[in-house]
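Please treat every number below as a calculation from the coordinates, not as lab data. Bear in mind that the values here come from a model prediction, so they are computed numbers and not experimental data. With ideal geometry, Cβ positions are generated from the backbone for all residues, glycine too; neighbour counts draw on all protein chains shown.
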């Protein structure tokens, strides 16, 4: 993007990169001479959900927002591989291929889980990290999963994959019908926010209907992942200052209350009133104030 385009507030430019033979999409908000900052979205979301945050940060940072594999305008995995290791590899490829390290990362939900693992794997390559409700299942949920025999987990996963294989993407007759679904998912969104996220989050089918831009296979939870102790080990390796963000009206478990904060060497938790899982939408101005101070 030219400096003129940057100054006049034009939108981002679209780019792609390769990872495990998949062509993955990202948007670049310009200002390439500034320090790089990655915005990483959550599950069944897309890179344009960061637009309000990106517009506020673009003058000080070189903001890049990727679509995760199987999301947005990135390719779908032919094998349905949406394991955490695959997502971490994709992030590693973006940072490596675009020479972004050392990089700051702001990530939400699934994106936060990915970013925390990457920062533990490559502590020298991340200089600041913000994870919005990105630590995955609560300790209680993890314990319940650990008590489930591996054979039962694998069998359940096979059944879930078969069910997803037979599930067609939901089709909405109009943007307004999809918008109603978006609003039902997050009551904190303003009508303007909900419409914007919907317009960027759907694609039009050949018959004129609309479907969300994510692969149904991303709904499945991999049957095999790092153990809880292994995840804690990665978190303990994170060297950079880390901000763990939570909404007080969210379902997510606060790491200060459940004890997970002790696995971090340099992290603090900040919680927001009147916010659910999407803190960066629900309390945008307050979130940006905290973010600017931290970055």
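So here's what we get for this one:
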quantity: Prolate/oblate/rounded label for the stretch 155-295 (Cα gyration tensor, a/c 1.5); calculated: oblate
quantity: Residues in the stretch 50-64 that a label on residue 274 would reach, taking backbone N under 19 Å of a point 7 Å out along Cα→Cβ; calculated: 53
quantity: Sites residue 20 and residue 232, calculated FRET efficiency, Cβ-Cβ separation with R0 25 Å, nearest 0.05; calculated: 0.40
quantity: Percent antiparallel among DSSP beta bridges (both partners in the stretch 78-216, rounded to 5); calculated: 40 percent
quantity: Extension gain from residue 10 to residue 161, taking 0.36 nm per residue of separation minus the Cα-Cα distance; calculated: 50.2 nm
quantity: For peptides 224-235, 247-258, sequence by mean Cβ density within 10 Å, most packed first; calculated: 247-258, 224-235
quantity: Neighbour-count ranking [beta-carbon atoms within 10 angstrom, fewest first] of 175, 105; calculated: 175, 105
quantity: Net length gained if the chain between residue 148 and residue 55 were fully extended (0.36 nm per residue, minus Cα distance); calculated: 29.0 nm
quantity: Residue-span extension gain [residue 101 to residue 207] - 0.36 nm each, minus C-alpha spacing; calculated: 33.8 nm
quantity: Label-point gap, in nm, between residue 265 and residue 249 - each point 7 angstrom along Cα→Cβ; calculated: 3.9 nm
quantity: Estimated FRET transfer efficiency when R0 is 35 angstrom, pair residue 33-residue 219 (beta carbons, to 0.05); calculated: 0.30
quantity: DSSP beta bridges in the chain [antiparallel fraction, %, rounded to 5]; calculated: 40 percent
